[in-house]
Structure formats: structure tokens, C-alpha cells
Amino acid sequence: MSSTNYVLWVNEFFSLPITPPNHEMDTKKKFDSLGLDVSADEIFSSSFAAAIFLEQIKFKNSGKKAYVIGESGILEELELIDVPYLGGPDDRDKVLSMGPGDKLEYDKNVGAVIVGFDRHINYYKIQYAQLCINKNEGCHFIATNTDSVSPITDAQEWAGGGSMVGAIKGCTGKEPTVVGKPSPLIIDYLCDRLHLQRDRICMVGDRLDTDILFGTDNGLKTVLVLSGVTSEEKLFSKENTIIPDFYANSINDFFIDGSLGFTAT
């Protein structure tokens, strides 16, 4: 890779992990275990994208708080931009009483609800989020991603962040601002910050509706790897309308006998 070419590596030269349970440092540890030299400032998570969005709308100046459905990565990003928050892991074991006259008290100063992947989502969190969005005037509904399923383990696919977002959409009737892929927010930020040329960037990922769509919608070259959630059958099905420039069995095919093992679509 020359100094004027860039690759966005997904989940595995910039990494854009979409549903990290923790912070960029956890992703860096994975890179380190694989013997890959990737620094923490080359890793941009969907939690980071949420923080960028809040900074763009000058949320801190509002003096309001964020309510979080998600894990520690979102909280750490909010701390870095000095935005007060509640929710997240602290609400994992909360149970509601729903007898006659019972109601859930909520913070009227919550101005944003951020929904990401949350292994401990519960009814308390859903109710708290819907009250903030429905009752607090101007409250932002922010989704870090809308993945339906994710290959969290190698044994099976698991319900992704989109299932948490869907629960909040269902009880509020509102659409979120999606800040992760395929939103242009992160690529706009990278190109502006690092003065990158979009036609010199290749997006590599295993998901058509986020990774590859992110690339095609934002003027990048794209490579789909078939080692994740997308099969070759799905890629070439009549129903699929998202076509990458190239595809490969896995990232290992990038280096076959000294040459790239891509297949053009």
C-alpha cells in the first residue's frame, strides 16, 4: 500500500468496527494479538461516530445529558467530549414495578438517547429511552448502527445493534439519526482531518448493507469478503442491489503468492 492509497479494514490501515462492546483499545488488543501494528488513533468505532455527531451539533453547549442504551465504549467517548450521561451498564439489573399507579421517573434534562449494541438491554432501558424521546422536547434519537445480526462469535450469528434500535423505534414511532456505517459522517471526518482523496480509498467489509453501501455511497472502491455474514450466493442473488467492485473469500486473499486475490464483480 503506497502512501497515497488507503484501506478501511472492517472488524479485523483504518479500522471501523461497527458493534464493539468496549472502546477502541479493546480492538487494538485484538490487532496486537494478531501481530498487526495498528495504533489506537487509527481505529474509529461507531461509538466514536456518536461523539462526533454530538460535537457537530454542539450538544455540550445545551447543558443537557445523554441517556445510553449500550456498553462502556459509548460512555468512554462521552467522557472524552465532556458530555454528562446516565444509563448504560448501570441500568443492566433494573426492574420496573408496574402495579396500579406506578410510573417510571425520568430525567427531564436528557437531550439525546444513544442506542448501540447492548448485551444487557431490558425493559427498564426501553421505557426510559421512550420517555426521554417522546416527552423531552427536541431529544435526539441516535443509533450507532442498525445491523440486524452480527457474527459476535464464530459459532453463530447474534442479534445485532439494529434489534436494540428497532425496539426504540417501535415504541417511539421515530426514526433515529444513524451515525455508523453507511452514514457518511466518519468518512467525511477522516477525509477532512487527514486530507484523504476518496478515489484513493478502498473499503473492505463483510456486510453489503453497511460496509459496501458505505463505500458505494461515499465514492470509495469496495471489496466484499465472504468470511462474514454475506455468502457468494447472496451477493449474486436477484434480490441484492448492492454490488462491490471486487470480492474475495477472506482478507487472507489480499496476499496470494505476492498478488491480490480479488475477483471483480
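The values are calculated or read from the model by the stated rules, or taken from the named source; none is laboratory data. Because the structure is a prediction, the values reported are computed rather than measured. Because the Cβ atoms are built from the backbone with ideal geometry, glycine has one as well, and the counts that use them run over all protein chains shown. Each accessible area value is taken on the protein alone, full model and side chains, heavy atoms only, with ligands, DNA and RNA left out. Shrake-Rupley method; radii C 1.70, N 1.55, O 1.52, S 1.80 Å.
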Total residues in the range 109-157, condition part of a strand (DSSP E or B) and β-branched (Val, Ile, Thr): 6
Failed condition for Leu104, given (1) in contact with a helix residue (DSSP H, G or I) (Cβ under 6 Å, 6 or more places away or on another chain); (2) surrounded by 15 or more Cβ atoms within 10 Å (Cβ to Cβ): (2)
Any hit, the range 139-154, residues being more than 29 Å from Val110 (Cα to Cα), open to solvent by 50 Å² or more (accessible area, probe 1.4 Å), of a type in the set (Asp, Glu) and over 16 Å from the mean Cα position of the chain (by Cα): yes
Complete set of residues in the range 209-255 that are in contact with a strand residue (DSSP E or B) (Cβ under 7 Å, 6 or more places away or on another chain) and of a type in the set (Asp, Glu): Asp211, Asp245
Test: residue in the range 189-207 that is surrounded by fewer than 20 Cβ atoms within 10 Å (Cβ to Cβ) and under 21 Å from Leu75 (Cβ atoms): yes
For Ser163: the one exception among (1) within 15 Å of the chain's Cα centre (by Cα); (2) exposed (fewer than 13 other Cβ atoms within 10 Å of the Cβ); (3) among the hydroxyl-bearing types (Ser, Thr, Tyr): (2)
Filter result (open to solvent by less than 30 Å² (accessible area, probe 1.4 Å) and among the hydrophobic types (A, V, I, L, M, F, W, C)) within the range 166-188: Ile168, Val179, Leu185, Ile186, Ile187
Residue check, Asp91 open to solvent by less than 40 Å² (accessible area, probe 1.4 Å) and not small (Gly, Ala, Ser): yes
Cross-chain or 6+ apart pairs with Cβ under 8 Å, the range 158-185 first and modelled with pLDDT of 95 or more, then of a type in the set (Lys, Arg): Glu175/Lys169; Pro176/Lys169
Members of the range 208-245 found to be of a type in the set (A, V, I, L, M), in a loop (DSSP other than H, G, I, E, B) and open to solvent by 20 Å² or more (accessible area, probe 1.4 Å), listed by number: Leu226, Val229, Ile242, Ile243
